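The values are calculated or read from the model by the stated rules, or taken from the named source; none is laboratory data. Here the structure is a predicted model, which is why all the values come from computation and not from measurement. Cβ atoms come from the backbone with ideal geometry, glycine included; neighbour counts cover every protein chain shown. Heavy atoms of the whole protein, side chains included, go into the accessibility calculation; ligands, DNA and RNA do not. Shrake-Rupley method; radii C 1.70, N 1.55, O 1.52, S 1.80 Å.
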Amino acid sequence: RKLEKIAASELRFKEQFVGRYIKRDNEFKGACFNLGLIRVKSENGDCLITLSDLGNEFALMENPILDGEHFDSNFSDEEVKFIVTKIIPKFEIDDIVVKTILKELNTKKLSSEDIDNIFKKIMTKHEDTVTSERVATMGRLSELNLVKWEIISGKSIYSLGKTDFIMI
C-alpha cells in the first residue's frame, strides 16, 4: 500500500509539475509547460523535452537552496525578479492582480477581505473561488518574499515584503 501511495505521488508530481500529453488537445500541459520553461521538440520521429530559452535563463540563475544550501529563502532576488518580470506577465489577469496587490500593500497592510475584494473587482469570481485564488496567490507571493503574511487574532494580515529590486 505504501508503494502504491509513493507511485501515485510520483505520478502526480510528474503530471502536475513537469507535464503530460493531452491527446484530445494534442498538446503538453503542466506547470513547466504552462510557465514556458520547457518545450517539446520533434526530431526524427522522437519527442524531446528540453528547456525553452526562458527555462534555460532561469535554470542558470543561482538558487539559495540548490547552490548555497541556504534554507531561509526558496528563491534568490534574481529569480524573484525574473518570475515577476518574465513569468507572471505571461498571465494577464494574474499580472493585474499581483500588481494591484503590491501597489495597495505599498501604502498599507491588507486583510484577507481586502485581498478578496481586489480579486472580486478584477476577476469577477464567486466567493468560493475568490478565497482559494487568494490563498494560492498570497502563498506564492509570500514564498517569493514579496509579501509578509502574519496571522493576528486568527486573521491573515498582509504587508509588503522585499520589493526593492522590482518596480511596483
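Tabulated results
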| item | result |
| --- | --- |
| With Cα atoms, 0 to 90° folded angle of helix 92-105 axis to the chain main axis | 30 degrees |
| Global geometry of the stretch 89-168, whether rounded, prolate or oblate, following the gyration tensor of its Cα atoms and the 1.5 cut on a/c | oblate |
| Mean Cα-pair separation over length for the stretch 1-91, i.e. relative contact order, pairs under 8 Å, 6 or more apart, % | 15 percent |
| Within a Gaussian network of the chain (alpha carbon springs, distance under 10 Å), most fluctuating of PHE82, PHE71, PHE17 | PHE71 |
| Along the chain, longest interval not containing exposed trypsin sites (Lys or Arg not before Pro), exposed being DSSP loop plus at most 12 other Cβ atoms within 10 Å | 25-107 |
| Shape category assigned to the stretch 27-94 from the gyration tensor of Cα positions, a/c cut at 1.5 | oblate |
| Distance-filtered residues of the stretch 32-55 - backbone nitrogen under 20 Å, label point 7 angstrom along ASP95 Cα→Cβ | 32-38, 52-55 |
| Max mean-square fluctuation residue, GNM over the chain, Cα-Cα springs under 10 Å, options VAL97, VAL135, VAL80 | VAL135 |
| Cleavage-rule hits (GluC sites (Glu not before Pro)) in the stretch 44-141: DSSP loop, at most 14 neighbouring Cβ within 10 angstrom | GLU62, GLU69 |
| Candidates SER76, SER156, SER142: whichever shows maximal mean-square fluctuation once the chain is modelled as a Gaussian network with Cα springs under 10 Å | SER156 |
| 1.4 Å probe accessible area per residue over the chain, in Å² | 69 Å² |
| CD proxy at 222 nm, helix term only [per DSSP H run n ≥ 4: -39500 (n - 2.57); per residue of the chain; nearest 500] | -12500 deg cm²/dmol |
| Modelled FRET efficiency - R0 41 Å, LYS109 with ALA31, Cβ distances, 0.05 increments | 0.85 |
